[in-house]
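Notes follow once the structure below has been shown.
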Amino acid sequence: MSSSRSRVTAVTDFIYLRMRHRDAWSSARAQPAPAGEGFSSLSGRKYCLLTAFRRSGDPVPTPVWFGLADGTLYFSSEADVGKIKRIRNEPRVLLAPCTLRGKPLGPPAVGRARVLGAQEGEPAERAIAANYGLFRRLYERAGSQLGVDLLYVAISPA
C-alpha cells in the first residue's frame, strides 16, 4: 500500500470514528431480529450499521452505504480498512438500520459476510448504485483519484 493511500485511510478512519454516534455500540448487545426476516428492516434505508468482530470478540460498528438484491446485502469498502480484515477473520456480522452517524434504528439481523473476488463485483455495484445517486458517484470518483482500491462484500442472512 502506498504511503499516500495509507494516510488517506488513517485520516478517514479517524474522522468517521469521531463522528460515530455513541449508541452505535449498543447494536451488538441488542436482541437480533428473528432469523426468517432476513434484511427486510433495511429495505428503503440509506445506511446500515455493520458490526464486525475483532479476534478478541469485541464488536466494531461502522455505518455503511449498501444495496440489496435477491436477499443479499452488498457494500463496497477500501481494501485495507479494519472492517475488511475483521470480516476475513470472522464472517459473522450484525446489520441494523441506522442514521448517517450510526445510531441504530432497529434490531440487528445476523449475517454471514464474504469478500468478493474481482470478477464478482458487477451485481454488487448494481445493487449499491440503485440505492444512491449522484453524490455516491462523486464520492467514489474522488476516492479513485486518490488511488483508493475498493472491493465489494456480500452478506447473506444467517
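The values are calculated or read from the model by the stated rules, or taken from the named source; none is laboratory data. Quick caveat: nothing in here was measured; it's all calculated off a predicted structure. All Cβ positions, glycine included, derive from the backbone under ideal geometry; neighbour counts span all protein chains shown.
Considering (1) at pLDDT 95 or above; (2) farther than 16 Å from T99 by Cα, say which one P61 fails and leave the rest.
Evaluating P61 over (1) at pLDDT 95 or above; (2) farther than 16 Å from T99 by Cα leaves (2) as the failure.
Please indicate, with yes or no, whether at least one residue in region 20-27 is buried (at least 20 other Cβ atoms within 10 Å of the Cβ), within 14 Å of P157 (Cβ to Cβ) and of a type outside the set (S, T, N, Q).
No, region 20-27 has no match at all.
Looking at A96, is it surrounded by 13 or more Cβ atoms within 10 Å (Cβ to Cβ) and either of a type outside the set (K, R) or part of a helix (DSSP H, G or I) (or both)?
Values: surrounded by 13 or more Cβ atoms within 10 Å (Cβ to Cβ): yes; either of a type outside the set (K, R) or part of a helix (DSSP H, G or I) (or both): yes.
In short, yes.
Do you know which residues across region 34-82 are charged (D, E, K, R), assigned to a loop (DSSP other than H, G, I, E, B) and over 16 Å from S156 (Cβ atoms)?
R45, K46, R54, R55, D58, D80
Go through the residues of region 85-93 one by one and say whether even a single one is polar (S, T, N, Q) and more than 22 Å from E37 (Cβ to Cβ). Give the derivation first.
Taking region 85-93 and keeping what is polar (S, T, N, Q), we get 89.
If we keep only those that are more than 22 Å from E37 (Cβ to Cβ) as well, we get 89.
Yes.
Which numbered condition in (1) out of contact with any helix residue (DSSP H, G or I) (no Cβ under 7 Å at 6 or more places or on another chain); (2) of a type in the set (D, E, K, R); (3) farther than 24 Å from R7 by Cα is the only one that K103 fails?
Of (1) out of contact with any helix residue (DSSP H, G or I) (no Cβ under 7 Å at 6 or more places or on another chain); (2) of a type in the set (D, E, K, R); (3) farther than 24 Å from R7 by Cα, only one is false for K103: (1).
Applying the selection to region 99-113, what residues are touching a residue at least 60 places away in the same chain (Cβ under 8 Å) and assigned to a strand (DSSP E or B)?
Hits for region 99-113 are P104, A109, V110, G111, A113.
Which pairs turn up if I take residues in region 124-140 that are within 24 Å of G71 (Cβ to Cβ) and surrounded by fewer than 12 Cβ atoms within 10 Å (Cβ to Cβ) and look for partners that are at pLDDT 90 or above and small (G, A, S) with beta carbon separation below 9 Å, at least 6 apart in sequence or on another chain?
Sorted first by the residue in region 124-140, then by its partner, the pairs are A130/G67; A130/A69.
Just for region 114-150: of the residues that are within 20 Å of V11 (Cβ to Cβ) and outside any helix (DSSP H, G or I), which one is modelled with the lowest pLDDT?
So the residue we want is L146.
May I ask you to list the residues in region 41-66 that are in contact (Cβ under 8 Å) with a residue 40 or more places away in the chain and farther than 18 Å from E78 by Cα? Before you say what the answer is, go through the steps one by one.
To start, the set of residues in region 41-66 that are in contact (Cβ under 8 Å) with a residue 40 or more places away in the chain comprises 41-42, 45-53, 61-63, 65-66.
Selection gives S41, L42, R45, K46.
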